[in-house]
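The values are calculated or read from the model by the stated rules, or taken from the named source; none is laboratory data. Predicted model, so just to flag it, every value in this text is computed and none were measured. Neighbour counts are summed over all protein chains in view; Cβ atoms, including those assigned to glycine, are modelled from backbone coordinates with ideal geometry. Note: areas computed on protein heavy atoms with side chains; ligands, DNA, RNA excluded. Shrake-Rupley method; radii C 1.70, N 1.55, O 1.52, S 1.80 Å.
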Amino acid sequence: MRARRLRASLKGWGGVATMAVVCALVAVFALYVPLSGPGIGDGRAVTQASRATVEKAEEDCEAPEKQTLSPSSADGDTIQAVRDREGEKRKLIVGVDQNSYRWGYRNPNSGKTAELEGFDIDLVRRIAEDILGDPDAVQFKAIPTDQRIPAIQDGRVDMVVRTMTINCARIADVAFSAPYFKTGQQVLAPKSSPIEGYDDTLANRRICTAAGSTAYSTLEADQKDGKLPATTDISTTVPSQLDCLVRLQLGEVDAVVTDGALAASQAAQDPTVQLKGDAFTAEYYGVAMKKDADDLVRRVNQILVDYRKDTANGWQASYDKWLSATLGKDAKKSEPPAPQYLRST
């Protein structure tokens with residue numbers, strides 16, 4: 001049964017060859033970056049002290065999606081440092097995903113180079129074009145979910161554009177742009193599953209989430225507060241969302257909880273699974289940068305303003321190309337509200 005189900009689900013991937021390529025990429029990268037397990041958030045162990053710090057930050061924080069700087073096209077030290085890189089190194093270094101279908105995805109069918117493509121990748125190229133005058137002046141670095149913040153803080157990347165939710169805990173560690181996408185957590189499960197959504201049907205079920213994701217922290221908090229059945233097993237965490245889909249295909253978990261935008265793309269890859277129930281949170285994706293990179297934050301915010309106004313080659317065009325097939329032709333529910341900024345000077 002399990003083997004037949006797996007073979008059926010692989011049809012949405014383009015076959016076993018595609019799966020082999022993807023799994024090989026994930027395996028290679030797993031050797032390069034240390035991964036985290038349950039109880040790990042963005043690469044940091046959740047000790048009693050750190051948990052208290054996170055909870056305090058969340059108490060003091062309101063509307064994290066509004067905690068960003070006003071737009072500006074002015075150059076500053078951070079942007080100049082990027083431009084001062086010499087030769088082939090004169091590129092914007094960006095942390096992305098390579099396994100999220102239609103967001104940041106290394107398409108094995110795109111030719112020998114298996115280029116990255118998707119909604120997030122389009123945005124990265126727009127930022128590179130504005131800052132360096134060339135949409136291809138990008139060094140992409142594939143990073144797992146739980147390494148997004150450490151990669152920024154350690155200076156391994158200039159920014160992260162990787163379906164990263166703006167939340168109160170994270171704005172204590174990194175700076176975010178204004179939101180560029182609206183989504184919410186949803187449940188993904190086999191079509192034949194009795195699971196109906198984020199409710200009591202998850203009792204005695206095994207759920208997979210990405211380590212360091214808002215999905216895991218939401219499940220953990222809801223279980224503590226009694227909003228999620230105590231018998232729901234949330235111990236399975238993996239480096240990337242794609243790994244959760246594979247676990248689901250193998251029958252190792254009963255459901256996946258992730259952003260609805262990502263879950264819809266996973267359902268497009270595998271016709272045997274579907275979204276169950278409505279989104280049970282409201283979240284916003286933002287571009288993450290270093291806390292002191294004010295000029296870069298302002299520049300990205302200006303780029304986002306222009307990107308959303310550009311009807312021919314901007315936000316709407318990218319949505320139509322990559323996401324309309326899975327999220328619907330009406331982009332209004334995914335478009336974030338007009339941005340609000342922390343201060344104007």
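In this structure, the residue pairs whose Cα-Cα separation is over 25 Å, taken from 276/329; 191/224; 291/332; 291/329; 224/332; 290/329, are 191/224; 291/332; 291/329; 224/332; 290/329. Treating each Cα of the range 150-213 as an identical point scatterer and summing with the Debye formula, the log10 of I(q)/I(0) at q = 0.13 Å⁻¹ comes to -0.56. Using every pair of distinct Cα positions in the range 131-254, the Kirkwood expression returns a hydrodynamic radius of 16.5 angstrom. Taking 19 Å as the straight-line reach from the Cα of residue 309, the aspartates and glutamates in range (excluding those fewer than 8 positions away in the same chain) are 120, 122, 129, 130, 320, 330, 335. Hey, any idea what % of the range 52-164's accessible area is carbon plus sulfur with a 1.4 Å probe? Looking at the range 52-164 in its full context, I get 40 percent from C and S. The tail of the calculated P(r) for the range 223-345 beyond 26 Å holds 41 percent of all Cα-Cα pairs. Residues 283, 220, ordered by accessible area of protein heavy atoms at a 1.4 angstrom probe radius and largest first, appear as 220, 283. Legend: P(r) of the range 129-173 from all alpha carbon pair distances, 5 Å bins from 0, whole percents, reading 5, 18, 27, 22, 16, 10, 2. Dividing the Cα radius of gyration of the range 200-253 by 2.2 N^0.38 Å, with N the residue count, gives 1.09.
When DSSP beta bridges are restricted to pairs lying wholly in the range 74-230, around 35% turn out antiparallel. Count Lys and Arg as plus one, Asp and Glu as minus one, and take only other residues whose Cβ is under 12 Å from that of residue 227; the net charge is then -4.
For the range 243-345, applying the loop criterion from DSSP together with a ceiling of 15 other beta carbons within 10 Å to the trypsin sites (Lys or Arg not before Pro) yields 291, 329, 332, 333.
Here is the list for the range 166-243: trypsin sites (Lys or Arg not before Pro) lying in DSSP coil, each with at most 16 other C-beta atoms within 10 angstrom of its C-beta, are 191, 227.
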